[in-house]
């Protein structure tokens, strides 16, 4: 299945611009104005007045960190499983 994100504001490391984003087989294949795809197995998402940003990752974590008399809720096992699942805190 392909996904076409229409009319969003794309944000990357150095600019913001209005564009559509086409995703096929889980990968971004095209970014540009007024993209269209033929009929088929395509999900179209309207991103008008929305930001379209790259996937976020959380490279910073606190597993079992003591802080002010408390300990972070995630232990090593749970935190590792969350990381493997591709989780993010953004």
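FYI, it's all coordinate maths here, none of it is from the lab. The structure displayed is predicted, hence computed values, not measured ones. Positions of Cβ are backbone-derived with ideal geometry, glycine not excepted, and every protein chain shown enters the neighbour counts.
Over the chain, DSSP H runs of length four or greater, each weighted -39,500 (n - 2.57), average out per residue to a 222 nm ellipticity of -3000 deg cm²/dmol. Relative contact order for the chain: 27 percent, from Cα pairs under 8 Å spaced at least 6 residues apart, divided by residue count. Between residue 48 and residue 16, the contour length at 0.36 nm per residue exceeds the Cα-Cα span by 10.1 nm. Working from label points 7 Å from Cα in the Cα-to-Cβ sense, the residue 34 to residue 9 distance is 2.2 nm.
In units of the compact-protein estimate 2.2 N^0.38 Å, the chain shows a Cα radius of gyration of 1.50.
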